[in-house]
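Shown next, in C-alpha cells, is the structure this report addresses.
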Amino acid sequence: MLARTMKPRPRHPHITSIKVPDGTIRTSPNDIAQVFMAFYKTLYNHSPTYGTSNDTQFPKINKFLSNYTLPKLYTKAIEALGAPISQEDINLTISALKRGKAPVPDDFERGYYMKN
C-alpha cells in the first residue's frame, strides 16, 4: 500500500501503441490518432443518409426494448434530479471523497476541492 502511494505515476498516461483490425501494431502518434478517428467515425456514423429508415439493427433494437422492462423513476426522484445543486450538496460531496483519491481522471484530489 505504501509502496504504491510512493511510486510516481504519470500525470497524463498516453497510448504508445495500438493493434489495428488487420492485426498489425501501430506506434506512430499520427497512426494511433488515425486508428482512433476511424474507429469513432464508424461508431458514431453521422452521415446524412444514416437513420432509422436504413438501419439494419433497428428491428433488433425494437425487439429487445419491447421485451425489456425498463426501470421507472418516481416523481420525487425525477424532481430531485432536476433540482438545482446547492452549495451544501457540493460541500457534502467533497467531504465524502476519499483522501488521496482522484474522483475523476483530472487527478485533482480531495484536498484541491477542499481549498477551492
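The values are calculated or read from the model by the stated rules, or taken from the named source; none is laboratory data. The model shown is predicted, which means the values in this text are computed figures rather than measured ones. Positions of Cβ are backbone-derived with ideal geometry, glycine not excepted, and every protein chain shown enters the neighbour counts.
Report the residue count in segment 5-37 for those that are modelled with pLDDT under 90 and assigned to a helix (DSSP H, G or I).
Selection size over segment 5-37: 2.
Every residue in segment 55-69 that is modelled with pLDDT under 85 and part of a loop (DSSP other than H, G, I, E, B), please.
Of everything in segment 55-69, those that are modelled with pLDDT under 85 and part of a loop (DSSP other than H, G, I, E, B) turn out to be D55, T56, Q57.
For (1) surrounded by fewer than 10 Cβ atoms within 10 Å (Cβ to Cβ); (2) at pLDDT below 70; (3) part of a helix (DSSP H, G or I), each residue gets a yes or a no:
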{"position": "S47", "(1), (2), (3)": "yes, yes, no"}
{"position": "Y50", "(1), (2), (3)": "no, yes, no"}
{"position": "P71", "(1), (2), (3)": "yes, no, no"}
{"position": "I85", "(1), (2), (3)": "yes, no, no"}
{"position": "I90", "(1), (2), (3)": "no, no, yes"}
{"position": "K98", "(1), (2), (3)": "yes, no, no"}
{"position": "F108", "(1), (2), (3)": "no, no, no"}
